[in-house]
Every structure is written in structure tokens, then in C-alpha cells.
1. Looking only at segment 143-177, filter to residues that are touching a Leu at 6+ places or on another chain (Cβ under 6 Å) and open to solvent by less than 60 Å² (accessible area, probe 1.4 Å); which one of those is nearest to Trp128 (Cα to Cα)?
2. Testing Ala188 on (1) of a type outside the set (Ser, Thr, Tyr); (2) over 25 Å from Thr119 (Cβ atoms); (3) open to solvent by less than 10 Å² (accessible area, probe 1.4 Å), one condition comes back false. Which one is that?
3. Kindly list, by first and then second residue, each pair from a residue in segment 49-77 that is open to solvent by less than 40 Å² (accessible area, probe 1.4 Å) to a residue that is among the hydroxyl-bearing types (Ser, Thr, Tyr), limited to pairs with Cβ atoms under 6 Å and residues at least 6 apart or on different chains.
4. Name the residue, out of Ala285, Ala304, Ala299, that is open to solvent by less than 70 Å² (accessible area, probe 1.4 Å), modelled with pLDDT under 90 and in contact with a Lys or Arg (Cβ under 7 Å, 6 or more places away or on another chain).
5. Tell me the residue from Ala132, Ala83, Ala93 that is of a type in the set (Gly, Ala, Ser) and at pLDDT 95 or above, please.
6. Just to be sure before I move on: is Gln54 more than 27 Å from the chain's Cα centre (by Cα), more than 30 Å from Val209 (Cβ to Cβ), outside any helix (DSSP H, G or I) and at pLDDT below 95 in the structure I sent?
7. Show the residue pairs meeting these rules: Cβ distance below 9 Å; 6+ apart or different chains; first residue within segment 121-133 and more than 9 Å from Gly161 (Cα to Cα); second residue open to solvent by 70 Å² or more (accessible area, probe 1.4 Å) and not in a helix (DSSP H, G or I).
8. Give segment 205-260 a look and list any residue that's among the hydroxyl-bearing types (Ser, Thr, Tyr) and within 22 Å of Leu84 (Cβ to Cβ), or say none.
Amino acid sequence: MPHLPHHSPAALPLIDLPGPDVIVRRLHHPGRWISGGIVLLLLAIIVRAFAVGQIQWTVVGQFLTAGVIVTGFGWTLLISACALALGVALGFAFGIMRLSENPILRFAAWLYVWIFRGTPVLLQLLIWFNIALVFPRLYIPGLVDERMVDVVTPFVAAVLGLGVNEGSYLTEVVRGGIGSVDRGQKEAAHTLGMTPGQTMRRIILPQTVRLILPVLGNSAIGMLKFSSLAATIAMGEMLNAAQRIYFINGAVIELLFVCAVWYLAGTTVLSIGQYYLERHFGRDAATATSDRRGFWAWARRPAARGEA
């Protein structure tokens, strides 16, 4: 079968090219205009509803920077940070246990995930807050002998409830992240004489952190929002402070909007930080991938004269 010559557009004769008098017709997209109009109409309806509704916007502005609200938001940030740190620590600990060769450790990690991932976080907060009914005293010989009601304050109960629950989810995330690391790297590390602990610390975990970084960012954003559940156990965070105020002045919706503004500000800052963090680690990963490809291209090149 004869080979047909391939003509690129650049090789076409000048007579075949379109002239300046050719009419260019743009594609019509009526669906875009219709959907855009519907969205704008809905936004206008929502904005009008909030504008003419019984909302005292001056009260929202008045309490937006009130000292009790700002202090409550500070407690919200503290609870979120401590609970997230606890959740990440538990997630990595039990995630490694899930992959352990010890069946007892594997079972303990599975039991932890099964219990705390299978029950509502609000229920766990209430249980931690009332844990003194089960363990009246916290007694560690030579270290601690205190009443449990004095140890597990609302702040401690909030951190334990949110952190332990978050750790049960991160356990599976860490387990999946460790499993996604190339097994050949582990074998290569053992060939170099690294112990399993050194391989985990120096090879596996750094790559796992980069792989699960988007999930950790989402966990931080979710933890900031879930911290509002601490209001149910009388923890003086922002939502609880707002409730104490509107129980007195009756400005319920106004104080709730104040909380919404602060939560949106916090989640926006965390989202921006997550974006730059992912871009930084993604750039490092792309550089490492480029270096590996360059190495393999160099290794597969034809051997030069004189090379062994």
C-alpha cells in the first residue's frame, strides 16, 4: 500500500488558506446564559431576603469585635489546634499499628477505629465530659491522685472528644498513605542496612506526610468547625459565648451571624495556608520526579566509548 504524504496546515498552498473576507461565526451557548441567569436570580432573592428580613445589622457590627466573642474565638482556635495535634499523633500511631506484624497491635488499632469512628462525635464529647461517673479518680502511683471531675474540665473533654475521634479517621488515612509508598524503597533501605524503625522514620513517613497533606488540611478546616460542638459541654468557646449573649438580649440571628463571620474568616485563612503548603510540597515532588527521570534517561543512554 503506497504511503500517502502528510500535509501539515503550514504546508498548504496559499490559495487553499482562508482569506480575510471569511466570516467567523462564534459558537452559541444558550445553556450558559440560562444557567447564569438562574444563578443570578437566586442570589438576588437571597440577598433581598437578608436585606428586608428582621436582622439588626448594627447589632452584628457591634458584637463582631466584642471582647467576649474575640476571646471565645481564641478558645476555638486553641481547642482546634490541640485536638488536631492529638488526632494526628493518634492517627500516625494507630496507622503504623494497623500495619504491624503483631496481631495484638493490629487488633487494638482496629478496635480503636471501630469504636471511635462508629459513634457520633457529639456523643463522645458527652461521654468524656461525664467520664468521672465511670472513673471517679485519676490515680497513677507516685504521679497523680486527683478527682477525675477536676482533671477532665470542659476544655480537656473537648480536646479529648474531638482529637480521639479525628485520630480514628486519620488512622485509616495514614495506613493508606503508608501503603501507597513504593515497596521497592523499603526493600532498598533494608539492603542498605537500615532497621525497620529507621526505614519508617527516614523513608516511609516523610513521603506519607506529603501524600496525606491535603487530607490534613481538610482535617484542620473541619476541626475548626467541629469545635463548635464544645458549646454543648459548657466550654466557653465562641458559639457558647454567643449563646450566653443572645439568651440575655434576644438577638439570636445577629449573634449567629457574628459567629459565621469569624468561622468563615478562620476557614479562609486555613484554606489559603493549605493551598500554599500543597503547592510547596507538590513542587518538591515534581522536582524529585524530574530528577529521577533524568537519572533513568542518563542510565539508559548508549554507552560512550571507554565506559565499562
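The values are calculated or read from the model by the stated rules, or taken from the named source; none is laboratory data. Quantities reported herein were computed from a predicted structural model and do not represent experimental measurements. Note that each Cβ is placed from the backbone with ideal geometry, even for glycine, and that neighbours are counted across all protein chains shown. Note: accessible area is taken over every heavy atom of the protein model, side chains too, but ligands, DNA and RNA are not part of it. Shrake-Rupley method; radii C 1.70, N 1.55, O 1.52, S 1.80 Å.
1. Gly161
2. Just one mismatch for Ala188, condition (3).
3. Once the first residue is open to solvent by less than 40 Å² (accessible area, probe 1.4 Å) and sits in segment 49-77, its partners that are among the hydroxyl-bearing types (Ser, Thr, Tyr) give Thr76/Ser227.
4. Ala285
5. Result of the check over Ala132, Ala83, Ala93: Ala83.
6. Working: more than 27 Å from the chain's Cα centre (by Cα): yes; more than 30 Å from Val209 (Cβ to Cβ): yes; outside any helix (DSSP H, G or I): yes; at pLDDT below 95: yes.
So Gln54 fits the description; yes.
7. Ala132/Arg147
8. If we filter segment 205-260 for residues that are among the hydroxyl-bearing types (Ser, Thr, Tyr), which is where we start, we get 208, 219, 227-228, 232, 246.
Scanning segment 205-260 gives Thr208, Ser219, Ser227, Ser228, Thr232.
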